[in-house]
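Notes follow the structure.
The values are calculated or read from the model by the stated rules, or taken from the named source; none is laboratory data. Note that this is a predicted model, so its numbers are computed, not measured. A quick note on method: Cβ atoms are made from the backbone with ideal geometry, for glycine too, and the neighbour counts reach across all protein chains shown.
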Amino acid sequence: MTDAPPLAKETERVRGFWRLISSRSNSLVGRLIRLAAVWFIFMLVMTGIALTYYFHETALRRFELGVGQIADNLYVDTDVASDGRIVTPPFFDTRTNRVYSGLYWQVSEIAKDGKVSDAARSRSLWNARIPIPAEILAEVRGTSGKPVFYNSFGPQDEALRVAAIFSMIDGRAFVFVAAEDRRPMDKQVETFALMTTLALLLLAIGSLLAIYFQVRFGLRPLFDLTGEIAAIQRGEQQRLLKTYPAEITPVGRQINAFLDDAQEMMERQRMHVGNLAHALKTPLSVLLTAADTTDGSLNELVRKQTEAMRAQVDHHLRRARAAARAQSMGERTQVEPVLDELAVMLEQVFHDKGVVIDWRAPESLMFRGEKQDLQEIAGNLLENACIWCKRRVRITAEFSEAEHVMALNIEDDGPGLDEARFDEVLKRGARLDESVPGTGLGLSIVDELVRAYSGTLKFERSTLGGLKVRIRLPGGVQDLEA
């Protein structure tokens, strides 16, 4: 069992490398490696073929030199005795005297009718003969005195390399033939080809690895740039901090300039929102104060409409602030203290009902946004759950590695909600029960805040029996020891 994790890790690395160099990958590293690999492998294959061909031709020429020398000795030193016998020169290579040794010679005479007969042969041939094909015979007759080489088979079906020379002696036509077993030479060529292939294969593997690490090292600034941009998105830093090569420096400057402009624009938006809030809240407060000091139906109407106007203003200001903050990349809020604070407060508010809030959140979980917005989202949902529950409310927060978001789930053991009404409760001012106090803005505010952070909100049936609200928000984890 202890070997499984390392093996699985190595397997995943191999798969990752294969995905990187696969043609389906859209990676710049993969493209460079594939291009270099195709060209390099092509050149290695061509080099291997050329080296093997050159070695084969060199070995063959050297082999033919020995066979041709024997045939030339026969051609030069063979004579015709006075009685018509063929007198051949002596050979000092004892293989010509050993039967089926692999080294053979013979002297063949061509009659006027074209019939070929053997006039003399080496003892190594015993009662066999070296065949001379008709096309070779025609070729050697056309190149008198010069050796012609061809392949044939020996007495034991071994592959032979044959040298044949044509000559006329005292008006008689002779063909002097020498042959040697070529299998040792072929074996040498095969061994050379195998060793060359293995050497080039090792060279290819080593070169591809070198290309891979060279590309990875050469493109490291791009990977660092990508990492810094991801860190900015996670809210871990505000700007690009590293120093990059001259080719990438302009890109880094443009990104930092864009971030600075975006931050400045958000600051201006926040300032305008704040100014608008002060400009509107003061007149509304004056109207409410004036309406409360006197009685009458008109004053009551003014008070109600003013309160509605203030609620609408608060809502839209809240939404504008949330939208501006959602674009900020540096805001981070620890989730655990917020949930703890809300749980303690709401348990006290609903003490008479005996509500118990069970909350769970990792200490390192972070919300990529402002604390006020997380309090408003979680607070509204928890308050609704406390209102509708019998006694139990459960809230869990966790980080999803796959989606790289924070998951927030709020459940209760109340009567729940019909699925047909899931969309209805998100409408502004919608209330499920008019007998329950509230403005009907809570879930709508939550929905708008979640949307401002590009999150999602869904309703489901809870395992506790009531309603379950599932929220996905931008989040991350933080190394608290650091």
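Condition first: part of a loop (DSSP other than H, G, I, E, B) and modelled with pLDDT of 90 or more. Now tell me which residues in segment 102-121 satisfy that. Residue satisfying the conditions is 102 alone.
Within segment 443-471, the set of residues being crowded, with 19+ Cβ neighbours inside 10 Å, of a type in the set (Val, Ile, Thr) and either without any contact (Cβ under 8 Å) to a residue 60 or more places away in the chain or over 22 Å from residue 355 (Cβ atoms) (or both) comprises just one member, 450. In this structure, residue 245 does not qualify as part of a helix (DSSP H, G or I), more than 26 Å from residue 90 (Cβ to Cβ), in contact with a Pro (Cβ under 7 Å, 6 or more places away or on another chain) and not hydroxyl-bearing (Ser, Thr, Tyr).
Considering segment 45-101, the residues that are touching a strand residue (DSSP E or B) at 6+ places or on another chain (Cβ under 7 Å) and not in a helix (DSSP H, G or I) include one that is farthest from residue 203 (Cα to Cα), namely 81.
Evaluation of residue 43 against the conditions (1) under 30 Å from residue 198 (Cα atoms); (2) surrounded by 15 or more Cβ atoms within 10 Å (Cβ to Cβ) shows that the sole unmet condition is (2). Here 107, 116, 148 are screened, and the one residue that is in contact (Cβ under 8 Å) with a residue 60 or more places away in the chain, assigned by TED's automatic domain parsing to the domain that holds residue 171 and touching a helix residue (DSSP H, G or I) at 6+ places or on another chain (Cβ under 9 Å) is 107. None of 421, 461 is at pLDDT 65 or above, more than 30 Å from residue 231 (Cα to Cα), touching a Gly at 6+ places or on another chain (Cβ under 7 Å) and among the basic types (Lys, Arg) except 461. Restricted to segment 376-403, and to residues that are surrounded by fewer than 19 Cβ atoms within 10 Å (Cβ to Cβ) and within 14 Å of residue 361 (Cβ to Cβ), which residue is nearest to the chain's Cα centre (by Cα)? Residue satisfying both the conditions and the ranking: 400.
Let's see how each residue does on (1) without any contact (Cβ under 8 Å) to a residue 24 or more places away in the chain; (2) buried (at least 16 other Cβ atoms within 10 Å of the Cβ); (3) not polar (S, T, N, Q):
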| site | (1), (2), (3) |
| --- | --- |
| 206 | yes, no, yes |
| 209 | yes, no, yes |
| 218 | yes, no, yes |
| 225 | no, yes, yes |
| 232 | no, yes, yes |
| 238 | no, no, no |
| 241 | yes, no, yes |
| 245 | no, no, yes |
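The listed residues are 398, 411, 434, and the only one of them that is of a type outside the set (A, V, I, L, M) and modelled with pLDDT under 90 turns out to be 434. Looking at 358, 352, just one residue is out of contact with any Leu (no Cβ under 6 Å at 6 or more places or on another chain), under 25 Å from residue 463 (Cβ atoms) and either in a loop (DSSP other than H, G, I, E, B) or in the same structural domain as residue 454 (by TED's automatic domain parsing) (or both), and that residue is 358. Output yes when any residue across segment 180-190 is out of contact with any strand residue (DSSP E or B) (no Cβ under 8 Å at 6 or more places or on another chain), of a type in the set (D, E, K, R), closer than 27 Å to residue 125 by Cα and assigned to a helix (DSSP H, G or I), and no when none is. Yes, segment 180-190 has at least one match. Residues in segment 197-213 include at least one that is polar (S, T, N, Q) and in a helix (DSSP H, G or I). May I ask you to verify whether residue 13 is in a helix (DSSP H, G or I), of a type in the set (D, E, K, R) and at pLDDT below 90? Yes, satisfied. Scanning segment 329-342 for residues that are crowded, with 19+ Cβ neighbours inside 10 Å and within 20 Å of residue 469 (Cα to Cα) returns 335, 338, 339, 342. When each of 363, 341, 370 is tested for being touching a Lys or Arg at 6+ places or on another chain (Cβ under 6 Å) and of a type in the set (D, E, K, R), the lone residue that passes is 370. When the residues of segment 369-409 are filtered to those that are part of a helix (DSSP H, G or I) and polar (S, T, N, Q), the one that is farthest from residue 470 (Cα to Cα) is 372.
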